[in-house]
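**Student:** I have a structure here, written as structure tokens, and I will follow up with some questions on it.
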Amino acid sequence: MLDFSRIWIPYIYLYGVGGGFFLIGMFIILRSRSLKLERVRHKEWYQILIFGFLYYMGIHGLFTFIAIGEMLFATLIGLIMLAMAINLIFTLVKKPKGVR
């Protein structure tokens with residue numbers, strides 16, 4: 001039987017340490033003004049970067065739950081990922097006022 005340390009410790013380590021590096025990188029990008037959130041295009045890329053990290057984290061969690069037979073949690077994660085993807089698509093397609 002698979003226990004917590006074989007299933008979830010690698011997941012926590014991967015996204016804990018990787019997420020830490022991601023957050024440090026995002027902090028550096030924002031502090032150096034390489035990504036200016038007042039610009040529409042830069043705000044879109046900021047949302048894409050955050051979405052990408054959460055999406056890969058979700059895919060990994062989804063397949064982990066499927067592998068251990070927890071279909072309820074897998075379905076819930078799948079629905080959350082679908083909602084996030086739809087939200088991102090609508091955000092990127094919608095043009096702000098004054099922009100053509």
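Coordinate-derived values only; no laboratory data. Please read all numbers here as calculations on a predicted model, not as lab measurements. Heads up, the Cβs are rebuilt from the backbone with ideal geometry, glycines too, and the neighbour counts pull from every protein chain shown.
**Student:** Under the Kirkwood approximation for Rh and a Cα-based Rg, what ratio Rg/Rh is obtained for the chain? The partial results should precede the final answer.
**Tutor:** Values: Rg = 16.9 Å, Rh = 15.7 Å.
Taking Rh as the inverse mean 1/r over Cα pairs, Rg/Rh reads 1.08.
**Student:** Hey, what angle do you get for helix 40-68 against the long axis of the chain, alpha-carbon based, 0 to 90 degrees rounded to 10?
**Tutor:** 10 degrees
**Student:** Defining a contact as two alpha carbons under 8 Å apart and six or more residues distant in sequence, what relative contact order in percent does the chain show? Display every interim value, and only then the final one.
**Tutor:** Working: 37 pairs, mean separation 21.7, N = 100.
Relative contact order of the chain: 22 percent.
**Student:** Starting from the stretch 1-80, pick out the trypsin sites (Lys or Arg not before Pro) whose DSSP state is loop and whose Cβ has at most 13 other Cβ atoms within 10 Å. Spell out each step's value before the answer.
**Tutor:** Numbers: sites: 6, 31, 33, 36, 39, 41, 43; in loops: 33, 36, 39.
Those satisfying the criteria are 33, 36, 39.
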